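Here the structure comes first, spelled out in structure tokens, and everything after it is commentary.
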Amino acid sequence: MADLPGSVLFACTSNSIRSPIAEAYLKYLHGSRIYIDSVGVRGLEVDGFAIAAMEEIGLDISRHRPKTFGELEDTNFDIVVSLSPEAQHSAVELTRTMAIEVEFWNTLDPSIIEGARETRLGAYREVRDRLIARIHKRFPTGPKPV
């Protein structure tokens, strides 16, 4: 098994699309080995297109309850992964006096895409798939390469 952190926090602007997707997928992969949470700079209800995109791969995020940085009960994470510039700023501010690794995975906000339902859902699928690929690369499930 690869060396995994003990805890990971995903952060984005509203904790309604990108960070819940990343949180749910990393929990699916490593939820029994890593403590995983997510936050936003602001908290909005989970996005319906995000729910639909995750349902397509068998993961349910419909019960996700968004929270903000200020609502975190524990700020002692090994890694904070920010998914938007606004979240990156908040993550750096949160961790400036702590020995916490901060990674910036700048990720498109799919809610800005306009068009027909299928066009919009396609943007959410693309964000989901890119986050999944990045999670597999950063938090692999197999042995660490020699």
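General observations
- Options Ala91, Ala133, Ala87, Ala123; residue that is in contact with a Cys (Cβ under 8 Å, 6 or more places away or on another chain) and part of a helix (DSSP H, G or I): Ala87
- In the stretch 68-84, the condition of being over 14 Å from the mean Cα position of the chain (by Cα), part of a helix (DSSP H, G or I) and aliphatic (A, V, I, L, M) is met by no residue.
- Conditions (1) farther than 19 Å from Ile135 by Cβ; (2) touching a residue at least 40 places away in the same chain (Cβ under 8 Å); (3) touching a strand residue (DSSP E or B) at 6+ places or on another chain (Cβ under 6 Å); (4) of a type in the set (Val, Ile, Thr): number failed by Ile79: (1)
- If you go through the stretch 80-108 and pick out every residue that is over 11 Å from Ser19 (Cβ atoms) and in contact with an Asp or Glu (Cβ under 8 Å, 6 or more places away or on another chain), you end up with 3.
- Within the stretch 37-79, the set of residues being of a type in the set (A, V, I, L, M) and within 22 Å of Arg125 (Cα to Cα) comprises Val39, Leu44, Val46, Ala50, Ile51, Ala52, Ala53, Met54, Ile57, Leu59, Ile61.
- Residue in the stretch 73-84 that is at pLDDT 95 or above, closer than 17 Å to Asp47 by Cα, buried (at least 17 other Cβ atoms within 10 Å of the Cβ) and in contact with a Phe, Trp or Tyr (Cβ under 6 Å, 6 or more places away or on another chain) present: yes
- Here Ala24 meets each of (1) within 15 Å of Ile135 (Cα to Cα); (2) assigned to a helix (DSSP H, G or I); (3) out of contact with any helix residue (DSSP H, G or I) (no Cβ under 7 Å at 6 or more places or on another chain) with one exception, condition (3).
- Exactly one residue out of Ile100, Ile113 is buried (at least 16 other Cβ atoms within 10 Å of the Cβ) and over 18 Å from the mean Cα position of the chain (by Cα), and it is Ile113.
- Take the conditions (1) surrounded by 15 or more Cβ atoms within 10 Å (Cβ to Cβ); (2) under 26 Å from Glu118 (Cα atoms); (3) not polar (S, T, N, Q); Lys27 misses just one of them, which is (2).
- Selection from the stretch 53-67 of residues that are part of a helix (DSSP H, G or I) and either at positive phi or surrounded by 15 or more Cβ atoms within 10 Å (Cβ to Cβ) (or both): Ala53, Met54
The values are calculated or read from the model by the stated rules, or taken from the named source; none is laboratory data. Small disclaimer: the values here were computed from a predicted structure and weren't measured. Counting neighbours? That spans all protein chains shown, and the Cβs are built from the backbone with ideal geometry, glycine included.
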